[in-house]
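**Q** Here's a structure for you.
None of the figures in this text is laboratory data; all of them are computed from the coordinates on show. Note that this is a predicted model, so its numbers are computed, not measured. Note that each Cβ is placed from the backbone with ideal geometry, even for glycine, and that neighbours are counted across all protein chains shown.
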Amino acid sequence: MKAKDIMEPLKAYLAPDDTLKSAVNKMKVCGRGEGLVGVKGMVVLDADGSLMGVVSIKDILGAVIPSYLKVTKLGGFTWDGMLEEMARKVADKKVSEFMTPNVISVPERAPLMECADLLIKHNLQRLPVLSEQKKVVGMIYIRDLYYAIVKVLFEGEEICPL
């Protein structure tokens, strides 16, 4: 099987000028296969539809937590309302300010073993899938690869509930 066989087709994306608040909203309401609502990361595309970056939940948390606290152990802070206050302060920050710009991606025809290798080697949760024209056509989530393995392991068998 190839990347295109298990990818989730691209339904929504972020623009570099989207705000953190609108990015969170898009990620919250974006639908996935199997009736799942909400995603933990989305691609950022420029006006031509070219891949510029990815925004994940970790990127959003990084935008909210002040940089001087990133080097300090947060366990020592007990300030009530601090997270909420910081979230409100960065709500209008642009996606381009906190996205991950250097994105690992795969072509549609990439073998699944290559996809699995990249996800594991780089500790990723998702891989954008590119067409021959280098445009994002879908996303492979680590869960998609897991389901591909389950399908192979139980081919022709019924999966028994515990």
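**Q** Could you pull out every one of the aspartates and glutamates with an alpha carbon less than 16 Å from that of residue 135, ignoring same-chain neighbours closer than 8 positions?
**A** Once the sequence-local aspartates and glutamates are set aside, what remains near residue 135 is 8, 46, 48, 108.
**Q** Give the relative contact order (percent, whole number) for the range 3-153; include only Cα pairs under 8 Å separated by 6+ residues.
**A** Over the range 3-153, the number comes to 31 percent.
**Q** Which one is right for this structure if Cα extents along the principal axes in Å is calculated from it: (i) 61, 35, 29; (ii) 55, 46, 29; (iii) 49, 34, 27?
**A** (ii)
**Q** Also, I was wondering about something else. Can you give the FRET efficiency for residue 135 and residue 113, using 1/(1 + (r/R0)^6), R0 = 25 Å, r = Cβ-Cβ distance, to the nearest 0.05?
**A** On the way: r = 24 Å, r/R0 = 0.96.
Once the sixth-power term is evaluated, E becomes 0.55.
**Q** Sticking with this one: What full-extension length gain, to one decimal in nm, is calculated for residue 57 and residue 83 as 0.36 nm per residue of separation minus the Cα-Cα distance?
**A** Value of the extension gain: 7.9 nm.
**Q** Let me ask another. In terms of Cα to Cα distance under 17 Å, which lysines are near enough to residue 28, apart from those fewer than 8 places away along the same chain?
**A** Cross-link targets: 11, 40, 58.
**Q** Sticking with this one: Report the extension gain between residue 46 and residue 158 in nm, rounded to one decimal, defined as 0.36 nm multiplied by the number of residues separating them, less their alpha carbon distance.
**A** Full extension of this stretch gives 35.9 nm more.
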